[in-house]
Amino acid sequence: MPTVHTVTGPIDAEELGTTLIHEHLIFRDEAVLAEWPHAGTVKEVEPPVAVDEDGAYRAAVEAAAAVVERGVRTIAEPTAMFGGRDVRFSRRVSEETGLQVVPCTGIYTYDYLPPYFMFRDEDAMADLFVHDIEQGIQGTDIKAAFLKCAADEPGVTPNVEKVHRAVARASVRTGAPIMAHSRPASETGPRQVELFEEEGVDLAKVQIAHTGDTDDLDYIERLLGKGVYIGMDRYGLEIFLPIERRNATVTALLERGYADRMFLSQDFCVTLDWYPPEVGRQLMESGAAKDWSMTLVHDQVIPTLRESGMTDEQLQTMMVENPKRWLAA
Ligand SMILES: [Zn+2]
């Protein structure tokens, strides 16, 4: 049986169990944190509050414990460069709560890259990713289990293309699966898949994250036609698509036989430094995010999908079999 790397060591893929494929224990810019450690990160509660490192840790433990209580055994933690990836932090949370945390390597950027990468090519970037997969992350022996890249509103810019090609080459070299943040409103998905195809990636290893931000079934089926997985992974982020439309889309895709291609998750960030507290509060009050948490899928989504006809087998496929198949590909 293939093994999957977690922050507490490799496990048998059979031990993954119920898995949330896209949840962030922390999300903040590492450069801001290094330069102005006093500035704090913001916890997404109502109202959002600024927290110090210890507060961020306690919040992550609380979120992790809440999903463990609901039977979740594993989260894939796609925090990469520019999200303040911190595998020691994840390991502490995992050890305290028993939640298995699967770490990644990669770069989360919509365009900007540091000068370091201006004079280094895709292969040099891929070398760094391969290092994390084969040697370990941030000086630890914790190995990355998947690769992360992103394309958003600016589209697939030259820098974004460079990251995608580097991620693709690292996947070809190591066999590691890929999670690509996408933006359906900008139709980034097809171009992202095209880049992976050009680089010779096995598309069965590719997950196009945030595909659930649209209910355009033609767009979604165009992606599925390529053989990739899709993330129905932003439950609670009403600003991109309300929960009712997310559920209707998943239900329609289940009826069309796509249970084996979908992941249900929330893309929840336990702490997020993007917004000053007053802006975060306005966003909450405006309904941009509603009941956004690491437990929304279990508390509200699964019961609703069941009422709409989802079978136990389909649920098992999405929450257990797909994560196992994608991560152990
Ligand atoms: Zn995310």
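Read-outs throughout are calculated quantities, based only on the coordinates presented, and are distinct from any laboratory measurement. Everything quoted here is computed from the prediction, not taken from an experiment. Please note: Cβ atoms are built from the backbone with ideal geometry, for glycine as well, and neighbour counts cover all protein chains shown.
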Requested in this report: Would you please classify the overall shape of the range 183-254 from the alpha carbon gyration tensor, given that a ≥ b ≥ c denote the square roots of the eigenvalues, rounded means a/c under 1.5, and beyond that prolate means a/b larger than b/c while oblate covers the rest?
Outcome: prolate
Query raised in the report: Taking N as the number of residues in the chain, what is its Cα Rg relative to 2.2 N^0.38 Å?
Result: 0.92
Query - Spatially near lysine pairs across the chain, Cα under 30 Å, sequence gap of 8 or more or different chains - result: 19
**Report entry** the range 185-197 - phi-based ³J(HN,Hα) in whole Hz, Karplus 6.51/-1.76/1.60, Gly and Pro as x
**Finding:** 4, 9, 6, 6, x, x, 5, 4, 4, 4, 4, 4, 4
Report summary line: Classified through the alpha carbon gyration tensor (a ≥ b ≥ c as square roots of its eigenvalues; rounded if a/c is under 1.5, else prolate when a/b is larger than b/c, else oblate), the range 105-233 comes out prolate
Requested in this report: Could you work out how far the C-alpha centroid of the range 79-101 sits from that of the range 122-188, in angstrom?
Outcome: 18 Å
Requested in this report: Sort the range 1-130 into rounded, prolate or oblate with this rule: let a ≥ b ≥ c be the square roots of the eigenvalues of the Cα gyration tensor; rounded if a/c is under 1.5, and if a/c is not under 1.5, prolate when a/b is larger than b/c, oblate otherwise.
Outcome: oblate
Query - From phi via Karplus (6.51, -1.76, 1.60), per-residue ³J(HN,Hα) for the range 271-279 in Hz, x at Gly/Pro - result: 10, 9, 9, 5, 10, x, x, 5, 6
Query raised in the report: Near G225, within a Cβ-to-Cβ distance under 11 Å, what is the net charge of the other residues, with Lys and Arg +1 and Asp and Glu -1?
Result: +1
Report summary line: Highest GNM mean-square fluctuation among H164, H24, H131, for the chain with Cα springs under 10 Å, belongs to H131
Requested in this report: Would you mind telling me the antiparallel percentage of the DSSP bridges in the range 1-150, rounded to 5?
Outcome: 40 percent
**Report entry** Highest-first arrangement of 6-15, 314-323, 172-181, where packing means the average Cβ count within 10 Å
**Finding:** 172-181, 314-323, 6-15
Query - Cβ-Cβ FRET estimate between D291 and D111, R0 fixed at 30 Å, reported to 0.05 - result: 0.40
Query - CD proxy at 222 nm, helix term only [per DSSP H run n ≥ 4: -39500 (n - 2.57); per residue of the chain; nearest 500] - result: -11000 deg cm²/dmol
Requested in this report: Could you run the Karplus curve 6.51 cos²θ - 1.76 cosθ + 1.60 with θ = phi - 60° over the range 231-236 and give me ³J(HN,Hα) per residue in whole Hz, x for Gly and Pro?
Outcome: x, 9, 10, 10, 4, x
Query raised in the report: Which whole-number value in Å³ per residue fits the convex hull of the alpha carbons of the range 65-171?
Result: 109 Å³
Query raised in the report: Using the Cα atoms as the points, what is the convex hull volume per residue of the range 174-329 in Å³?
Result: 121 Å³
